[in-house]
Amino acid sequence: MKRIAVYPGSFDPITKGHEDLIHRSLEFVDQLIVAVAVNVAKQPLFSLDKRVEVRSFEGLLAEFAKQVGAAVIIRGLRAVSDFEYEFQMALMNRNLAPKIETVFLVPAFDLTYLSSSLVREVARFGGDVSQLVDPTVQQALKRKFGK
Ligand code: PNS
């Protein structure tokens, strides 16, 4: 049976840390759906279709994961500070979709400190993000901030 996984997030923007987790996931899943959340609470920097060319979902991740037949939800764990939120979310998602397991992946060591919010901040002030994001994302950030 084909093992489908969903990798959800805001991806605002997608970083090399996200890319690293996508590659790691593909070692053990047959199909990976990168699921970009339409987050009503957050004001995204990039409009949805600019962030990453994959599927978007509205509403509950658990429902989306069920709809696409996912067996696994992938999330990255970078530091202890991620843990509490991720743990809560994993338990709630299990409550909503008992058959779907959340699997936590640890990023490459040199990408552990990386987050989309830091990338946004550095790019906003004209800092060099070339080591942190794909060149296409770097260009999009430059256009966004005019730097
Ligand atoms: O990249 P992020 O911002 O850490 O991703 C968080 C995300 C989008 C995975 C989370 O907010 C989410 O799943 N949102 C969808 C709504 C939902 O299912 N909420 C209940 C989570 S238990």
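The values are calculated or read from the model by the stated rules, or taken from the named source; none is laboratory data. For clarity, every value in this text was computed on a predicted model and none was experimentally measured. No Cβ is skipped: glycine too gets one built from the backbone with ideal geometry, and neighbour counts run over all protein chains shown. Ligands, DNA and RNA are excluded from the accessible area calculation, which covers all protein heavy atoms including side chains. Shrake-Rupley method; radii C 1.70, N 1.55, O 1.52, S 1.80 Å.
Summary table
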read-out: Enumeration of residues in the range 100-119 that are closer than 26 Å to LEU61 by Cβ and open to solvent by 60 Å² or more (accessible area, probe 1.4 Å); value: GLU101, PHE104, VAL106, TYR113, SER117, LEU118
read-out: The range 82-100, subset away from the ligand (no atom under 12 Å from the Cβ), more than 16 Å from the chain's Cα centre (by Cα) and not basic (Lys, Arg), residue modelled with the highest pLDDT; value: PRO98
read-out: Tabulated pairs, the range 10-33, first under 17 Å from VAL72 (Cα atoms), second in a helix (DSSP H, G or I) and of a type outside the set (S, T, N, Q), C-beta under 8 angstrom, 6+ apart or interchain; value: LEU32/ILE22
read-out: Residue among ALA90, ALA97 that alone is crowded, with 16+ Cβ neighbours inside 10 Å and touching a Lys or Arg at 6+ places or on another chain (Cβ under 6 Å); value: ALA97
read-out: Among the residues listed as VAL72, VAL29, VAL38, VAL54, the single one being over 22 Å from TYR113 (Cα atoms), within 11 Å of the ligand (Cβ to nearest atom) and of a type in the set (Val, Ile, Thr); value: VAL38
